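These notes concern the structure reproduced below.
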C-alpha cells in the first residue's frame, strides 16, 4: 500500500500541484483537476456563507 499523496480529484498517484487557496492544501495532478477542485471549493464556500447569512 502506497502512502504517498494522491490527486484529490481523480486519485492519480503523482500529484504535482498543491492548492494554496484551499486550507486543506489539497494536491492535484494537473490543471484540469486543479480547476475542478477550485470549482467545488468555491461552491462549498458559497453554501457555507449562505448558511451563515441566513
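Data for the structure
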| read-out | value |
| --- | --- |
| Out of 12, 8, sole residue that is at pLDDT 85 or above and under 12 Å from the mean Cα position of the chain (by Cα) | 8 |
| Number of positions in region 15-54 that are surrounded by 15 or more Cβ atoms within 10 Å (Cβ to Cβ), modelled with pLDDT under 90 and over 9 Å from the mean Cα position of the chain (by Cα) | 2 |
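The values are calculated or read from the model by the stated rules, or taken from the named source; none is laboratory data. On a predicted model such as this, the values are computed, not experimentally measured, just so you know. Ideal geometry is used to build each Cβ from the backbone, glycine not excepted, and the neighbour counts take in all protein chains shown.
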